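Engineer: Okay, handing you the structure first.
The values are calculated or read from the model by the stated rules, or taken from the named source; none is laboratory data. All values derive from a computational prediction rather than experimental measurement. Neighbour counts run over all protein chains shown; Cβ positions are idealised from the backbone, glycine included. Note: areas computed on protein heavy atoms with side chains; ligands, DNA, RNA excluded. Shrake-Rupley method; radii C 1.70, N 1.55, O 1.52, S 1.80 Å.
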Amino acid sequence: FRPPAASAAPPTEAELERLNQTLMTRVNASGRVYLTHTRLRERFALRLSVGQTRTEERHLREAWQCLRETADALG
């Protein structure tokens, strides 16, 4: 997730990593969704597993809402 384009200066990769780590920590602390992370081509990437057989569309919508709300709160 990247901050809005209205930012004064584009964030560095280190800043993006800190933002995404904070996002992951806060989402996980909410108890609503659980994220993990990995590195893809040396970049921090968030992961959400949706392959469980009982996963429904509503679960994905709820996860996306939680991510958006948490990201918005980070400002």
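Engineer: Can you give the FRET efficiency to the nearest 0.05 for R43 and T22, using r as the Cβ-Cβ distance and R₀ = 22 Å?
Structural biologist: Details: r = 16 Å, r/R0 = 0.73.
That pair, R43 with T22, gives E of 0.85.
Engineer: Also, I was wondering about something else. With the other protein chains left in place, how much accessible area per residue, in square angstrom, belongs to the chain at a 1.4 angstrom probe?
Structural biologist: 80 Å²
Engineer: Return one number: the angle in degrees, 0 to 90 and rounded to the nearest 10, between the long axis of the Cα atoms of helix 13-30 and the longest principal axis of the Cα atoms of the chain.
Structural biologist: 30 degrees
Engineer: Further question on the same structure: Test of understanding: given the chain, find the longest segment containing no GluC sites (Glu not before Pro) that are in a DSSP loop and have at most 11 other Cβ atoms within 10 Å.
Structural biologist: 1-41
Engineer: Take the chain, mark every one of the trypsin sites (Lys or Arg not before Pro) that falls in a DSSP loop and has at most 16 other Cβ within 10 Å, then report the longest stretch left between them, sites excluded.
Structural biologist: It runs 1-31.
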